[in-house]
Amino acid sequence: MRRVLLRAAVVWGALLTLVSCGLNGQSARGDGPAPAAPAGVTAAAGSATSVHVMWNRASGKPEVAHYEVYRGTTKVKEVPGSHHMVDVTRLKPSTMYAFSVRARDADGRLGPSSERVQATTPAATAADERAPSRPENPRGKAAGSRAAQLSWARSTDDRGVASYDVYQGATKIHSVGGAQTATVVTGLRPGTRYSFTVRARDAADNISSASRSVRITTPAGPADADVDAGAGTNTGTGMAPTAFRATTHRKDGAHYLDLSWTPPAVDGVITEYQIQLDRKPVTSLVWGATPPRGKATYSFYVGREAGLTQRVRIRAKLPDGTWGAFSTERTVTTGGP
């Protein structure tokens, strides 16, 4: 009897070990970091009942399988990981909405929410069935090997233009407000030919005919597996400030960070920059007068502690309202040479 009980205990222990190993193996497959929060989220009203939401493609590991778009706390859209924009429809006119985006990987891990961005739909117009005029005089040029600058003449509409939609071939890839007549399309591939058109949209969702096509070929550049084949992402690659430098100086016992850079070459005016220390936003620079076209400089207070080492970088808000890429990151130490 004792031998039987001993044998049963051994078998039961082995079963527990197998189950434990199986559970541990299953858990291991589900372990690991979730995708990071999507960055560069923007929202712009496309009509009285729709808002266009865009975000940057998440880089690094794990790969994103899907993006989830939320209106407030309600999930309203889910798109594949290759998509970085969506139109949220069936909204109310003259209403402010808040949107955020979360990334999910192939194992189902859901990352944290992006920052919330707001957009207000314009007022509805009664019995408006007339579409805006076709955008005329479209122009474009490559902006480096991964971006293109587009511009066009303002359309007319009896009730006003609410937004302009940019198409790559037959696919809508971008949208800007009705007051803007220029934008930067990013996420392109080097050495590739693209064709873009623009359509105007009013608050009643009447859409104009397409503009004349603008054909652009990006110059050849180094291969980059992390860049999407399609356009329309919001990463701002190629639209970063250049010649970025960072130093410090001390005055009256306080330390200041001195920055200088050359603004990105874009069609339009850049009036706002975001400055980050150790990858966290610390201040925004908004030009109150005409911003410089050449070298720009800025200095700001960083505290009284000497020997503090920080990483600093800067990015520009592009003429279409989206954030460009970050500059080269510099490391500075207060009180240092």
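Collect the residues in region 52-63 that are under 13 Å from the mean Cα position of the chain (by Cα) and either assigned by TED's automatic domain parsing to the domain that holds V176 or surrounded by 18 or more Cβ atoms within 10 Å (Cβ to Cβ) (or both), keeping them in residue-number order.
Answer for region 52-63, where residues must be under 13 Å from the mean Cα position of the chain (by Cα) and either assigned by TED's automatic domain parsing to the domain that holds V176 or surrounded by 18 or more Cβ atoms within 10 Å (Cβ to Cβ) (or both): H52, V53, M54, W55, N56, R57, A58.
Every residue in region 269-279 that is loosely packed, with under 14 Cβ neighbours inside 10 Å and touching a Pro at 6+ places or on another chain (Cβ under 8 Å), please.
Matches in region 269-279: V269 only.
Search region 174-188 for residues being crowded, with 21+ Cβ neighbours inside 10 Å and either touching an Asp or Glu at 6+ places or on another chain (Cβ under 7 Å) or hydrophobic (A, V, I, L, M, F, W, C) (or both), and hand back the single one that is modelled with the lowest pLDDT.
Going through the qualifying residues, I end up with G187.
Which members of region 294-319 meet the condition of being outside any strand (DSSP E or B) and farther than 16 Å from Q276 by Cβ?
G294, K295, R304, E305, A306, G307, L318, P319
Is it true that some residue in region 38-56 is modelled with pLDDT of 90 or more and polar (S, T, N, Q)?
No, region 38-56 contains no residue that is modelled with pLDDT of 90 or more and polar (S, T, N, Q).
Can you report the number of residues in region 267-279 which are more than 11 Å from A316 (Cα to Cα), in contact (Cβ under 8 Å) with a residue 40 or more places away in the chain and part of a loop (DSSP other than H, G, I, E, B)?
Residues in region 267-279 being more than 11 Å from A316 (Cα to Cα), in contact (Cβ under 8 Å) with a residue 40 or more places away in the chain and part of a loop (DSSP other than H, G, I, E, B): 2 in total.
Evaluate region 280-293: report whether one residue or more is farther than 24 Å from A44 by Cα, in contact (Cβ under 8 Å) with a residue 40 or more places away in the chain, not in a strand (DSSP E or B) and not polar (S, T, N, Q).
no
For region 64-124, please list each of the strands (runs of 3 or more DSSP E) lying entirely inside it that holds at least 2 residues being within 16 Å of the chain's Cα centre (by Cα) and aliphatic (A, V, I, L, M).
Once the strands (runs of 3 or more DSSP E) in region 64-124 are filtered for at least 2 residues that are within 16 Å of the chain's Cα centre (by Cα) and aliphatic (A, V, I, L, M), what remains is 64-71, 85-88, 96-105, 117-120.
What residue, of T248, T262, T328, is over 30 Å from T181 (Cα atoms), in contact (Cβ under 8 Å) with a residue 24 or more places away in the chain and among the polar types (S, T, N, Q)?
Only one candidate qualifies: T248.
Within region 189-237, how many residues turn out to be of a type outside the set (D, E, K, R), in a loop (DSSP other than H, G, I, E, B), surrounded by fewer than 21 Cβ atoms within 10 Å (Cβ to Cβ) and at pLDDT 90 or above?
So the answer is 3.
Among V266, V286, V282, which is the only one that is among the β-branched types (V, I, T) and loosely packed, with under 12 Cβ neighbours inside 10 Å?
It is V286.
Name the single residue that is surrounded by the most Cβ atoms within 10 Å (Cβ to Cβ) among those in region 64-111 being hydrophobic (A, V, I, L, M, F, W, C) and more than 30 Å from D202 (Cα to Cα).
Per the stated criteria, the residue is A103.
Return the only residue of R159, R130 being surrounded by 15 or more Cβ atoms within 10 Å (Cβ to Cβ) and more than 28 Å from H83 (Cα to Cα).
The match here is R159.
For R90, state whether it is farther than 30 Å from K280 by Cβ and touching a residue at least 40 places away in the same chain (Cβ under 8 Å).
Yes; evaluated as a whole, the condition is true for this residue.
The values are calculated or read from the model by the stated rules, or taken from the named source; none is laboratory data. All figures in this text were calculated on a predicted structure; none of them were measured in a lab. All Cβ positions, glycine included, derive from the backbone under ideal geometry; neighbour counts span all protein chains shown.
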